[in-house]
Structures are given as C-alpha cells and as structure tokens.
Amino acid sequence: MTKTYKEIQGDGGSDVAGQIAGLQGRLRDRMAAVKCKIAVMSGKGGVGKSTVTANLAAALAARGAAVGVLDADVYGPSLAQMFGLRGRQLTYDSQGVQPPVTASGIKVMSMDFFLADGKTPVVWDGPQQEAFAWKGMLEMHTLREFLTDTDWGELDYLLIDLPPGTSQFATLTDLLGKPDGTVVISIPTAVSRLVVQRSISMITEVLKLPVLGVVENMSAYYCGGCDSERPLFNGPEITDYGGTPVLGRIPFDPRMAEASDAGTPFVESHALEPPAAAFLTLATELKTRVSPAPA
Amino acid sequence: MKFVCIECDEPMTFAGAGELNEGSLPVSFRCPACEWGFTMLTNPQETQMVRSLGVKIGGATVPPAPMEMMRTFLSGTAPHPPVSSETTTGEGAGKCPFAAVVKEAAEKP
Ligand SMILES: Nc1ncnc2c1ncn2[C@@H]1O[C@H](COP(=O)(O)OP(=O)(O)OP(=O)(O)O)[C@@H](O)[C@H]1O
Ligand SMILES: [Mg+2]
Ligand SMILES: [Zn+2]
C-alpha cells in the first residue's frame, strides 16, 4: 500500500503553500495603508465606468482625500489618457513601483504605462495554442501585482476601475476579499438596466457581497450653452435596481468627453459647471457611506 | 501532484530543474531513501501553465521584483521600462517557476 496524497507532508521542496502565503501577505501589507477600497464596475461596457472613476477620484481629491486609482482594465486601459499621464516613466525602488501622480495628487497605476505606444496591444508571451488555460492566471497576477507592487502609500480611497462584465470583479474579490464599497455604473436604458441588474445579482447572490449602489450616467443631456438639462434616453427615472439604490445621476455633457480626451478630469477643468457638481455630490454620498475616518 | 518511490514508499524530493529547451522544462526528483530518481519533461503547454502559477521551482530564494510576473510575460517592450533607483533587478525573473502541488495550495481556504 502506498502513502496517500494527504499523508505526505510538504511538496518535495518548492514550498508552494509558503510561496503563495508570502504573496498574499505582501498584498495584505500594502492594502493595510489603504482605508477604503472602492470597486467601480458594470456588467455593461461603455457606460462610463472609467469616466466616473476619474471624476469621482478628482471630486474626492478636491475634498481633501488622498486618492489612488487602479486601472484594472488590463486589455483596454484608459485612465492614463483620462488623467493626462500617458508616456510617464515608471521608477521602482525598495518600496515597489512609484505610480505617476496627477497635478491634483491622484496616484494612478495602469497597464498603459507598460505598453510601448498607443498601438501596442497586451500580448502575453507563450504558446498561443490553448492559451485560455493560463491567460486567466496572468490577468490575476497582473491585478495582484498592481495592487501589491505599486507604492500607494497611505490612501483614504483607492478606486478600482474594472473592465465590463463580472469576471475581473470576481478576481479582484478573490484577491482582496470584500471591497469597502462596490459602485455599479449604468445608463437609463432598458438594455443597460437589464445587463446591470444581472451583474448586481451576480455580486449579491452568487459572490454574496454587498453593492453600495448604482450611478446612472448620462441621466440627461446637459447643454452648457443654455445651462439646461434635457432628456437623453427614454428610461423612466428609477430609484433602485431591485433594491440596490441609485446613489447619483451624472448628465451627459460633450465637454466631459473632451476633458477626458484632453487628459484632465471634467471636475477639475470645469469645476463650477453643474455636471461637476453632480460628481461632488456623489463624492459626498460616497464619503457618508464609506468613510476613511476611524469609527 | 506528489511522487512516491514504489520501492521505499517514500515521497520523492525535488532535485533540480534544467534549462528550458524548446518550451520543455526538465524537472528532476529523487527518492531520499534509495537514491532512485527520474526527470520529468513538461510539454510547452504544461510549462506555460506552470510558469503562469507564479511560484518558483525548488522554492523562492529572493522575493519577486516589482511587477515581475506581468513584466516577464508581457510581450514587447515598454517605451521606458521601469527604472530602478536601486541596485536590485528582476534578473532571471520568472524563468523557472514550478511546483506541482500549487493548485492544492492555491485552493486552500
Ligand atoms: N457623462 C458623460 N458625458 C459625456 N461623455 C461621456 C460621459 N460618460 C462617458 N462619456 C464618454 O463615453 C465614452 C465611454 O466612456 P468610458 O470609457 O468612461 O466608459 P467605460 O464604461 O469605462 O467603457 P469600457 O466598458 O470600455 O471600460 C468615453 O468617450 C467618455 O468620454
Ligand atoms: Mg473603462
Ligand atoms: Zn526509494
């Protein structure tokens, strides 16, 4: 009779369990200096997750918070552009990689900083045949290293901008455990509300994690010329997604897209405009629900 | 995955990894009791799978460099690869990570 798997102690010399515990410990140590970790996600693509993340970060920073932003969209990074940080040289020291910092003090880490230019896609070295077997591991490690190896320092808020869908959110919570807040972005159309509701159910019912609330982006059309709001989409105003409250509404303003393209969050470049006020209100709402102040 | 010597019923211990050759990694194990040993040759997919686990064959002697896994696997070069302001480098990073039982360890609660 041979020994069974469970009867054999250790793993023959690699101490894999120890190595993994070491990686997890380093992640925990780094995150200990971050008071509130906020995931920004949506089942739906293109609804403004990154735009809301950038402007919410700017609004929180304007209110005096120490803010970091992690672009967790590994294959489609956009935050380096939105913060005007593309092409920044990274340096690393014994503390890890120093994240580029905006003029307003927001620390940003993104895959964009590791890519040669605006045309370079993210391609992993390795046999491309049956690559599905290992790609997910690399996505996880990238997220883990962005969290662990970036020298975030002491932060009140770390906003994590996720790609569309729920898969990267699940990876994030595998690594971090329960975020201090999860904000879901939607737009007021039946299609978006349907897809977003499903992603909320995924989080609350399958992953058994709480969702702070929904931000409805493009809730109206804001005309800067005549300072008025007009309807944009036909969805009736709702106050919750199956019990998950709507935390804030952000109007569509073409200047917001222009600001992102130009590399300055709208909240900073158009601080006195009503759509900027909507982000400041959202920041206040977030701060009352998830406060970095000790309880 | 663990290996047991048929003769002695002893768990085999890691005895060294060779050079990566056309995607194949030789990994040797020996029985501590009778010295019998063998070398396992992975196929390229297995090698990649094992590399992507992020652990090092035979154990980690130094902590990984910042962003080591991501930078090791990312194809092409950054315009400005991270500049070290200190003497430590990520040299040899992720070259031969391997351990067969990682899955079990990773799945531990
Ligand atoms: N309220 C708004 N007013 C004007 N333009 C907006 C607004 N919200 C988003 N946009 C624009 O819509 C486009 C998509 O926004 P964004 O990239 O933030 O969406 P996303 O949800 O992050 O997309 P993805 O799913 O690809 O990550 C961008 O060009 C952005 O500038
Ligand atoms: Mg985005
Ligand atoms: Zn033996």
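The values are calculated or read from the model by the stated rules, or taken from the named source; none is laboratory data. This one's a predicted model, so the numbers in the text were calculated from it and none came from an experiment. We place every Cβ from the backbone using ideal geometry, glycine too, and count neighbours over all the protein chains shown. Surface accessibility is based on the protein's heavy atoms, side chains included, excluding ligands, DNA and RNA. Shrake-Rupley method; radii C 1.70, N 1.55, O 1.52, S 1.80 Å.
Before moving on, here are some points about what is shown:
- Among the residues of the stretch A:206-248, those identified as part of a strand (DSSP E or B), in contact (Cβ under 8 Å) with a residue 60 or more places away in the chain and of a type in the set (A, V, I, L, M, F, W, C) are A:Val215, A:Met218, A:Leu247.
- For A:Thr171, the test of being open to solvent by 10 Å² or more (accessible area, probe 1.4 Å), away from chain B (no Cβ under 14 Å), in contact with a helix residue (DSSP H, G or I) (Cβ under 6 Å, 6 or more places away or on another chain) and within 28 Å of A:Leu247 (Cβ to Cβ) is failed.
- The requirement of being part of a helix (DSSP H, G or I), in contact with a helix residue (DSSP H, G or I) (Cβ under 8 Å, 6 or more places away or on another chain), surrounded by fewer than 23 Cβ atoms within 10 Å (Cβ to Cβ) and more than 10 Å from chain B (Cβ to nearest Cβ) is not satisfied by A:Arg26.
Condition check ((1) within 10 Å of chain A (Cβ to nearest Cβ); (2) at pLDDT below 75; (3) loosely packed, with under 13 Cβ neighbours inside 10 Å) across all residues:
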{"site": "B:Cys31", "(1), (2), (3)": "no, no, no"}
{"site": "B:Trp36", "(1), (2), (3)": "no, no, no"}
{"site": "B:Val50", "(1), (2), (3)": "yes, no, no"}
{"site": "B:Leu53", "(1), (2), (3)": "yes, no, no"}
{"site": "B:Lys56", "(1), (2), (3)": "yes, no, no"}
{"site": "B:Thr77", "(1), (2), (3)": "yes, yes, yes"}
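- Sub-7 Å Cβ pairs linking a first residue in the stretch B:1-29 that is more than 16 Å from ligand 3 (Cβ to nearest atom) to a second residue that is outside any strand (DSSP E or B) and open to solvent by 60 Å² or more (accessible area, probe 1.4 Å), at least 6 apart or interchain, are B:Ser24/B:Asn43, ordered by first then second residue.
- Among (1) within 7 Å of chain B (Cβ to nearest Cβ); (2) more than 18 Å from the chain's Cα centre (by Cα), the one test that A:Ser104 misses: (1)
- Filtered residues of the stretch B:64-75 (kept if part of a loop (DSSP other than H, G, I, E, B) and either in contact (Cβ under 8 Å) with a residue 12 or more places away in the chain or more than 7 Å from every other protein chain (Cβ to nearest Cβ) (or both)): B:Pro64, B:Ala65, B:Pro66, B:Met67
- Condition broken by A:Pro251, with the remaining ones in (1) in contact with a helix residue (DSSP H, G or I) (Cβ under 6 Å, 6 or more places away or on another chain); (2) open to solvent by less than 20 Å² (accessible area, probe 1.4 Å); (3) part of a helix (DSSP H, G or I) satisfied: (3)
- Residues of the stretch A:155-168 that turn out to be crowded, with 19+ Cβ neighbours inside 10 Å and part of a loop (DSSP other than H, G, I, E, B), as a count: 4
- Listed by first and then second residue, the pairs with beta-carbon distance under 7 Å, at least 6 apart or on different chains, first residue in the stretch A:186-204 and touching a residue at least 40 places away in the same chain (Cβ under 8 Å), second of a type outside the set (Phe, Trp, Tyr) and part of a helix (DSSP H, G or I), are A:Ser186/A:Ser192; A:Ser186/A:Arg193; A:Ser186/A:Val196.
- Some residue of the stretch A:96-106 being touching a Gly at 6+ places or on another chain (Cβ under 7 Å) and open to solvent by 50 Å² or more (accessible area, probe 1.4 Å): no
- Restricting the stretch A:123-138 to residues that are at the interface with another protein chain (Cβ under 7 Å from one of its Cβ atoms) and within 20 Å of the chain's Cα centre (by Cα), the residue that is least open to solvent (accessible area, probe 1.4 Å): A:Leu138
- If only residues of the stretch B:4-29 that are closer than 27 Å to A:Glu130 by Cα and surrounded by 17 or more Cβ atoms within 10 Å (Cβ to Cβ) are counted, the one that is nearest to ligand 1 (Cβ to nearest atom) is B:Leu25.
- Evaluating A:Ala59 against the criteria (1) within 15 Å of ligand 2 (Cβ to nearest atom); (2) of a type in the set (A, V, I, L, M, F, W, C); (3) touching a helix residue (DSSP H, G or I) at 6+ places or on another chain (Cβ under 8 Å) leaves one unmet condition, (1).
- Total residues in the stretch A:215-244, condition among the aliphatic types (A, V, I, L, M) and exposed (fewer than 10 other Cβ atoms within 10 Å of the Cβ): 0
- Any hit, the stretch A:38-53, residues being in a loop (DSSP other than H, G, I, E, B), crowded, with 21+ Cβ neighbours inside 10 Å and more than 15 Å from the chain's Cα centre (by Cα): no
- Among (1) away from chain B (no Cβ under 12 Å); (2) within 16 Å of ligand 1 (Cβ to nearest atom); (3) in contact (Cβ under 8 Å) with a residue 60 or more places away in the chain - the single one A:Leu60 does not satisfy: (2)
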